[in-house]
1. Only one of these conditions is not met by Ala196: (1) modelled with pLDDT of 95 or more; (2) within 16 Å of the ligand (Cβ to nearest atom). Which number is it?
2. Counting only residues that are touching a Leu at 6+ places or on another chain (Cβ under 9 Å), crowded, with 19+ Cβ neighbours inside 10 Å and closer than 30 Å to Ile281 by Cα, how many does region 40-60 have?
3. Take Asp156 and tell me if it is acidic (Asp, Glu), more than 16 Å from Thr75 (Cβ to Cβ) and within 14 Å of the ligand (Cβ to nearest atom).
4. Quick check on my filter: what residues within region 194-213 are part of a helix (DSSP H, G or I) and open to solvent by 50 Å² or more (accessible area, probe 1.4 Å)?
5. Scan region 61-82 for residues that are more than 10 Å from the ligand (Cβ to nearest atom) and either basic (Lys, Arg) or open to solvent by 10 Å² or more (accessible area, probe 1.4 Å) (or both) and jot them down.
6. Among the candidates Phe251, Phe176, Phe279, Phe238, single out the residue that is in contact with a helix residue (DSSP H, G or I) (Cβ under 9 Å, 6 or more places away or on another chain) and farther than 26 Å from Glu127 by Cβ.
7. Of the residues that make up region 214-226, is at least one assigned to a loop (DSSP other than H, G, I, E, B), touching an Asp or Glu at 6+ places or on another chain (Cβ under 9 Å), open to solvent by less than 30 Å² (accessible area, probe 1.4 Å) and modelled with pLDDT of 95 or more?
Amino acid sequence: MKIQHFLEPRTSTLSYVVHDEADREGIVIDPVIDYDPKAARTSAAPAEAIADYVEREGIQLAYALDTHCHADHLTALPWFEQRFGCKTVIGAGITRVQETFGKLFGFGRGDGFRPDGSQWDVLLGDEDTLSFGSLTLSAIPTGGHTPASLSYRIDDAVFVGDSLFMPDQGTARCDFPGGSASELYDSVQRLYALPAETRLFTLHDYRPGGRDLRWCCTVDEARRTNVHLNEHTTREEFVALRARLEDGKEFPTLLYPAVQWNIRGGHLPPPEPNGQRYFKIPVDAL
Ligand SMILES: [Fe+2]
């Protein structure tokens, strides 16, 4: 199994390509479409960089997966589906996120929006599996950051999405609608119960203190040294810490565009009568 990471610098997002080196079947996890909020312009440059690698390595892409509905960047799942004919995948709990945010944006049947997960080819439930080449991926429920977040385990590697960051960064925020610090605590216990040498691959690294980029640590290192949630941290301590950290915390710059795009499975809302497509901004809502 070979794992390659890709950094999207605007949102410090790490995407991954995992493939079986014997038969060259692979997957892409959490790929990004760039969005410049000042120009209101999308760019497939980060996805192109991944696609170049996939083609160079001669990888047959079987699946493009998101760990959850992202609130800080735009998913590139349909871009990969179109380019490589792979299937798109997300957690089955996405329908809860579509319900909540579909209401917030006033989306409905009139604009073709269905909060039923039909925008993806495969909806994974807890512990569901997918195979590519000789590898098997299993879905570990790791809600908390969003109610529907999954981690994806392949052999000794787990792609944890927004749950644990690198040990000096801590954990993901839990203050979006449907988030829960108590649920994230349980999710992290599930990850900490994995064998000590299991490798955890994170979705973001904000390089605290200006250190070099990191994207992977072992369960052992996380359990011993995570600054928010280690083996000695109680649920009460963690929930209180997250509440302190989230008090007055700014929303991500791309929150509204990202969520609108992502709950539609990676598409813009349909055009207005003038032919132009728009992102909406709900005022005084959150
Ligand atoms: Fe996220």
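1. (2)
2. 1
3. Numbers: acidic (Asp, Glu): yes; more than 16 Å from Thr75 (Cβ to Cβ): yes; within 14 Å of the ligand (Cβ to nearest atom): no.
Against the criterion (acidic (Asp, Glu), more than 16 Å from Thr75 (Cβ to Cβ) and within 14 Å of the ligand (Cβ to nearest atom)), Asp156 does not qualify.
4. So in region 194-213, the residues part of a helix (DSSP H, G or I) come out as 208-210.
Once the filter is applied, which keeps residues that are part of a helix (DSSP H, G or I) and open to solvent by 50 Å² or more (accessible area, probe 1.4 Å), region 194-213 yields Gly209, Gly210.
5. Step one: of region 61-82, the residues more than 10 Å from the ligand (Cβ to nearest atom) are 61-65, 74-82.
Leu61, Ala62, Tyr63, Pro78, Trp79, Glu81, Gln82, listed by residue number.
6. Numbers: Phe251 fails: in contact with a helix residue (DSSP H, G or I) (Cβ under 9 Å, 6 or more places away or on another chain); Phe176 fails: farther than 26 Å from Glu127 by Cβ; Phe238 fails: farther than 26 Å from Glu127 by Cβ.
That would be Phe279, the only listed residue that is in contact with a helix residue (DSSP H, G or I) (Cβ under 9 Å, 6 or more places away or on another chain) and farther than 26 Å from Glu127 by Cβ.
7. Checked region 214-226: at least one residue is assigned to a loop (DSSP other than H, G, I, E, B), touching an Asp or Glu at 6+ places or on another chain (Cβ under 9 Å), open to solvent by less than 30 Å² (accessible area, probe 1.4 Å) and modelled with pLDDT of 95 or more.
Each row is one residue, and each column tells you yes or no for (1) crowded, with 16+ Cβ neighbours inside 10 Å; (2) within 17 Å of Ala62 (Cα to Cα).
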position	(1), (2)
Pro115	yes, no
Ser131	no, yes
Ala148	yes, no
Met166	yes, no
Asp186	no, no
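The values are calculated or read from the model by the stated rules, or taken from the named source; none is laboratory data. For clarity, every value in this text was computed on a predicted model and none was experimentally measured. Cβ sites come from the backbone with ideal geometry, for glycine too, and all protein chains shown count toward neighbours. Calculation scope for accessible area: heavy atoms of the full protein, side chains included, ligands and nucleic acids excluded. Shrake-Rupley method; radii C 1.70, N 1.55, O 1.52, S 1.80 Å.
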